[in-house]
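What follows is a short report on a single structure.
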Amino acid sequence: MPDEATVVRALAEKIRDVPNFPKDGILFKDITTLLQDAQAFRQAVDLMAATYRDKSVELVVGVESRGFIFGGALAYLLKAGFVPVRKEGKLPHQKISEAYALEYGSAVLEIHKDAVKPGQPVVIVDDLLATGGTARTTANLVEQLGGKVVAISFLIELKFLKGAENLAEYNVVSHLQF
């Protein structure tokens, strides 16, 4: 079994850079090349899950949409429930919502009102940490419902955008840094 540093390097090599997507000047980190490789996908999920195996986690909250990919797998491995946080208008039952700023404009995230019980330990999962706005909004929603954010977990962190600084009061875990 390779050590963690070897796994991290191998996973980083599986991520494709796409220049000028979704707009000019952006270098997009495309995880689809990692996801389509069965071994790499398993290694990524196992790496993320290892961080929480000895912690009390009752729920994994996955952020739409790529957070669902890792969040569902983590919830399964951790024997935890899974809660989706979705973009506005996608959840069918009573919900709470919060708007947040994007680079150009704003967006709204929602969670079902009955998704998290007071005091419930939660790990929030998304694929990539950029500026931290989506993760912060998700943490706010979880906390409004009384949940306890144990950690916010990312496969990838774009260090130059300093998103972890915007989440300084949380335990932020990222495995691949660019």
Discussion item. Counting only other residues whose beta carbon sits under 10 Å from that of Arg66, what net charge do I get with K and R as +1, D and E as -1?
Written reply: -3
Discussion item. Under 8 Å for C-alpha pairs, at least 6 residues apart: give me the relative contact order for the chain, rounded to a whole percent.
Written reply: 17
Fill in: Karplus (6.51, -1.76, 1.60) ³J(HN,Hα), θ = phi - 60°, over segment 38-53, in Hz, Gly and Pro reported as x
3, 5, 5, 4, 4, 4, 5, 5, 4, 4, 5, 5, 4, 5, 10, 4
Item to complete: Measure off, as a whole percent, the carbon and sulfur share of the 1.4 Å-probe accessible area of segment 85-131, all protein chains present.
Response: 49
Fill in: For the chain, built as a Gaussian network whose Cα springs stay under 10 Å, the top-fluctuating residue of Val85, Val149, Val18
Val18
Worksheet entry | Hydrodynamic radius by Kirkwood, which averages 1/r over all alpha carbon pairs of segment 132-178, in angstrom | 11.0
Fill in: Choice from Lys90, Lys14, Lys159 showing the highest fluctuation, given a GNM over the chain with Cα pairs closer than 10 Å
Lys90
Worksheet item: For Ile96 and Asp17, what is the calculated FRET efficiency with R₀ set at 35 Å and r taken between the beta-carbons, to the nearest 0.05?
Response: 0.45
Discussion item. What number results when the radius of gyration of segment 6-141, computed over Cα atoms, is divided by 2.2 N^0.38 Å?
Written reply: 1.11
Fill in: Long-range Cα-Cα pairs in segment 1-54 (distance over 14 Å), rounded percent
59
Item to complete: For segment 1-42 and segment 118-178, compute the distance between their C-alpha centroids and round to whole Å.
Response: 20
Fill in: Å² per residue, accessible surface of segment 19-178 at 1.4 Å
50
Item to complete: Write down, largest first, the equivalent ellipsoid semi-axes of segment 72-178 in whole Å, where each equals the square root of 5 times an eigenvalue of the alpha-carbon gyration tensor.
Response: 21, 18, 12
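The values are calculated or read from the model by the stated rules, or taken from the named source; none is laboratory data. Just so it is clear, the structure is predicted and the values come from calculations on it, not from any experiment. Cβ: placed from backbone, ideal geometry, glycine included. Neighbour counts: every protein chain shown. Accessible surface is based on the protein model in full, side chains and every heavy atom, while ligands, DNA and RNA are left aside. Shrake-Rupley method; radii C 1.70, N 1.55, O 1.52, S 1.80 Å.
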